[in-house]
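Single-structure report; data block below.
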Amino acid sequence: MKTNMKSKVVEQMKDSNQSGLVDMDEAISHLKTTRPTFYRWLRSGKLKGMKVGRQWRFYKEELDRFLKGEGPRIELSSSPEPLLKSISDKLAELGVKGWNTAADGEKLKSIVQGMISLGDSMRASDIHISPHPVAGDLMANHVLLRYRVDGVLRTVSEFDVRLLQPVIDEFKSMAKCDLHERQHPQDGRIIVKVDTGRKTLDLRVCFLPSTIGETVTIRILDSNAVKLDIDSLYFTQKNLDNIHKALNLPNGMIIVAGPTGSGKTTVLYAFLRSFEKRNCLKIISIEDPVEYLLEKTVQVGVNVHAGVTFSKATRAALRSDPDVIMHTEIRDREQLQLLQNSTLTGHITLSTIHADSAAAAIRRLIDIAGEPWITSDTIKLLLSLRLIRILCPHCAKPDEPSQETIERAASMARAGGLDWSSLPHVYKKAAGCPKCAMLGFRGRRGVVETLMVTPEISSLIRNNASQENIQRAAIEQGMTTMVADAIRRFAGGETTFDEVLRVTR
Ligand SMILES: [Zn+2]
């Protein structure tokens, strides 16, 4: 058996020699390079080889292409045309010009560039490429190309699973990742030009092997998102007044509550930018991870492996004469206690917490801290937030909601402290046009509630009051709930009732 195998390899090697294949030593001397450099080229995909038995073999022709500065030739076992066509049709539908399919042999580059351009023109936050079983046929797999737009995932194309690895390898080589690593997750970064070179995108790429093949997720970082200031978030005047009042206090804790992807970080950065504008505050933010760079804030990235934890960084921050300390998220008691103690010693502290409402966030703080008094003495403002999709202003059509919908909306508004009769009552529904990628919605705005901790609320906290009692007291004091704020956008023709239910359920 063993001899058989050996002779087979020898046979193959004989064949190889005839077909212009050389071994690694010959290839290295042909390229006049060193072994480590050669391995680097191989790992990065600049150079393509094949394994014959255990030995690497290289086509002389490929080595010559490399010497001439040309990329490796990629043999596609399935035609890329259908995928290329579906991407270019979609781009044409959205009116994207200047995206040309590259020359033959560069089809893969066209596909990948098209996928990225599509993400940009759809205003997507993420591009997802992953293999899945075909419905009804567990033996067959296909690949889904999906985009997350305004928080909702949409399938844009499906393609032949045989194209998956070449597409992934193209992304890996752009992200300077190891092409031969297919068993472990990898992360990379791609800086790429779109819109005929007028726009530069910053992409974070994550490769994650699944049981039926590798997947890639591309996050498109939108640097405009962090340029937001509080006044451009479309909050109501009452909410803005509360926020400005809290930001101008000499000390105290401000907490932003919401689930993942609710826009908490955007609001937190907007708060930091507002502190930056005052030009007289030392701001230290401890982040996990640092995603956007701020102008006048000392940003520290948490790195548990290197021993930089929230706690350790905060202790060092406190010795660095700060006025403002921010943590991206409160996760445990030690971290919360550090922030609360910093607040008691005269600092402004900011953070986020996973909670469904402002009142729920207060309960979470009391529960994490293990005692109510320190929360009552430190917390000044809680803001709870969701992002709601806004109807595309270019194509939304007038709508007449049913009586049942109107009644439900009215009762949701009243329960949330909003005067239903004061609203404009212009209703609209989604249509679809190229400006909104045919989705009917374009962009998102925050729906919020701001809970100011008045002496009355503070004493409720000290007495360990329930979430319901805190919520009731806040509404009596004039808080409009997040649900009611969403209803306000519905009755103003900015969004639909279904969208209100989707984000506030
Ligand atoms: Zn539209």
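The values are calculated or read from the model by the stated rules, or taken from the named source; none is laboratory data. Note that the coordinates shown come from a computational prediction; the quantities given were computed from them, not determined experimentally. Heads up, the Cβs are rebuilt from the backbone with ideal geometry, glycines too, and the neighbour counts pull from every protein chain shown.
For residues in the range 370-404 being hydroxyl-bearing (Ser, Thr, Tyr) and surrounded by 16 or more Cβ atoms within 10 Å (Cβ to Cβ), which is farthest from the ligand (Cβ to nearest atom)? Walk me through it before giving the result.
At the first step, the residues of the range 370-404 found to be hydroxyl-bearing (Ser, Thr, Tyr) are 375-376, 378, 384, 402.
Checking which are surrounded by 16 or more Cβ atoms within 10 Å (Cβ to Cβ) leaves us with 375-376, 378, 384.
On the way: 375: 45, 376: 48, 378: 46, 384: 30 Å.
It comes out as 376.
Residue 227 - would you say it is over 28 Å from residue 189 (Cβ atoms), of a type in the set (Lys, Arg) and either modelled with pLDDT of 90 or more or surrounded by fewer than 19 Cβ atoms within 10 Å (Cβ to Cβ) (or both)? Reasoning before the result, please.
Details: over 28 Å from residue 189 (Cβ atoms): no; of a type in the set (Lys, Arg): yes; either modelled with pLDDT of 90 or more or surrounded by fewer than 19 Cβ atoms within 10 Å (Cβ to Cβ) (or both): yes.
Answer is no for this residue.
Which pairs turn up if I take residues in the range 443-466 that are touching a residue at least 24 places away in the same chain (Cβ under 8 Å) and look for partners that are surrounded by 19 or more Cβ atoms within 10 Å (Cβ to Cβ) and hydroxyl-bearing (Ser, Thr, Tyr) with beta carbon separation below 6 Å, at least 6 apart in sequence or on another chain?
Going by the 6 Å Cβ cut-off, the qualifying pairs are 449/384; 449/481; 458/376; 461/375; 461/376; 462/376.
Looking for whichever is modelled with pLDDT of 95 or more and either within 16 Å of the ligand (Cβ to nearest atom) or in a strand (DSSP E or B) (or both) here; the options are 468, 449, 407. Which one fits?
Details: 468 fails: either within 16 Å of the ligand (Cβ to nearest atom) or in a strand (DSSP E or B) (or both); 407 fails: either within 16 Å of the ligand (Cβ to nearest atom) or in a strand (DSSP E or B) (or both).
Only one candidate passes the filter, namely 449.
Give the range 235-286 a look and list any residue that's closer than 21 Å to residue 317 by Cβ, β-branched (Val, Ile, Thr) and assigned to a helix (DSSP H, G or I), or say none.
265
Results for (1) assigned to a helix (DSSP H, G or I); (2) closer than 18 Å to residue 471 by Cα; (3) at pLDDT below 95; (4) among the polar types (S, T, N, Q), shown as yes or no for each residue.
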| residue | (1), (2), (3), (4) |
| --- | --- |
| 373 | yes, no, no, no |
| 377 | yes, no, no, no |
| 383 | no, yes, no, no |
| 387 | no, no, yes, no |
| 400 | no, no, no, no |
| 411 | yes, yes, no, yes |
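Does residue 428 satisfy being charged (D, E, K, R) and touching a Cys at 6+ places or on another chain (Cβ under 8 Å)?
Values: charged (D, E, K, R): yes; touching a Cys at 6+ places or on another chain (Cβ under 8 Å): no.
The answer is no for residue 428.
Each row is one residue, and each column tells you yes or no for (1) among the aromatic types (Phe, Trp, Tyr); (2) more than 16 Å from the ligand (Cβ to nearest atom).
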| site | (1), (2) |
| --- | --- |
| 435 | no, no |
| 442 | no, no |
| 463 | no, yes |
| 475 | no, yes |
| 480 | no, yes |
| 487 | no, yes |
| 497 | yes, yes |
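Which one of these is crowded, with 18+ Cβ neighbours inside 10 Å, among the hydroxyl-bearing types (Ser, Thr, Tyr) and either in contact with a helix residue (DSSP H, G or I) (Cβ under 6 Å, 6 or more places away or on another chain) or farther than 19 Å from residue 465 by Cβ (or both): 352, 309, 345? Before the answer, list the steps.
Details: 309 fails: crowded, with 18+ Cβ neighbours inside 10 Å; 345 fails: crowded, with 18+ Cβ neighbours inside 10 Å.
Unique residue meeting the criteria: 352.
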